[in-house]
Amino acid sequence: MKASSPTHVKASSLSSWTTKLHGCVKYVRADNERFKGEENRDVLRLRWDLSPIVEDPDRAFMSDAMRTVVRKVARYFPTAIVSGRCRDKVYNFVKLAELYYAGSHGMDIKGPSKGHRYNKYNKGSRAILFQPASEFLPMIEEVYEELIEKTKSTPGAKVENNKFCLSVHYRRVDEMKWSGLAEQVRSVLKAYPKLRLTQGRKVLEIRPTIKWDKGKALEFLLESLGFADCNDVLPVYIGDDRTDEDAFKVQETCFHTV
């Protein structure tokens, strides 16, 4: 079992890191000039690492500077945060009510509350809420308890319950024990054929076998906003994890990805 991304190199400073994101936003604004005169019917869908990578996922943080960047983007474009983590955790992390949140790899989607400016795009002006894997909740909770028990013998392993999926983090596990940890996880899943195992950035992901991922979530959001099959829409997706590849596949028809 190998990590799905290059070895992490700590950023020299938060300012240099956020400067790159400001540059990204400027690029999108420049690219968006092509759509002038289309009555602001363009949509920006952004996903990036909102915090520096940390050894313990529970200690990840979002700086005020980063929150300001995201808020500025959302001021002009319907903006979604797409994550493998539980939607409630992501919201408590970002704390911006004007965004769309797609947690659990897109299996838990919720839009801004009723009355928000972007709800004018929603049919009936209702807040979006979509959870295609609800029937799996009891099974996922059961597997969560089994994984905690099974992996407790592996120092550094952390099992995270993301509601509609589970994550087994191994960033703090000795590399010599990675294969053993993966086998522990597989041994539990043998009894659950309706769950599948995938790999992210130093994390093993357990998800329902339904045909739903981050790409499907983005397609759902576009359709819900009334932007599906629109020639005057420029969706943009930014991601750097293996699980983001599901969204990259969608870009062949309508997405800009970075």
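In which sequence would SER63, SER83 go, from the one with the fewest C-beta neighbours within 10 Å to the one with the most? Can you show the working numbers first?
Values: SER63 14, SER83 25.
The order, fewest Cβ neighbours first, is SER63, SER83.
Mind ranking 98-106, 74-82, 182-190 by how tightly packed they are, going by the mean number of other C-beta atoms within 10 angstrom, highest first? Spell out each step's value before the answer.
Values: 98-106: 25.2, 74-82: 21.3, 182-190: 15.2.
Those peptides, ordered most packed to least, come out 98-106, 74-82, 182-190.
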When you count, for each residue, the other Cβ atoms within 10 Å and take the mean per peptide, how do 160-172, 194-206, 142-154 rank with the highest first? 160-172, 194-206, 142-154
Interchain or sequence-distant (5+) residues whose placed amide H lies within less than 5 Å of the amide H of ILE81 are TYR100, TYR101, ALA102
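Please quote Rg/Rh for region 144-258 to two decimal places, taking the Kirkwood radius as Rh and restricting both calculations to Cα atoms.
Values: Rg = 17.1 Å, Rh = 15.9 Å.
Here the Rg-to-Rh quotient is 1.08.
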Mean Cβ-within-10 Å packing, highest first, puts peptides 207-218, 223-234 in the order 207-218, 223-234
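All of the numbers you see were taken from the coordinates with simple rules; none came from a lab. What you see is a predicted model, and the numbers here were worked out from it, not measured in a lab. Positions of Cβ are backbone-derived with ideal geometry, glycine not excepted, and every protein chain shown enters the neighbour counts.
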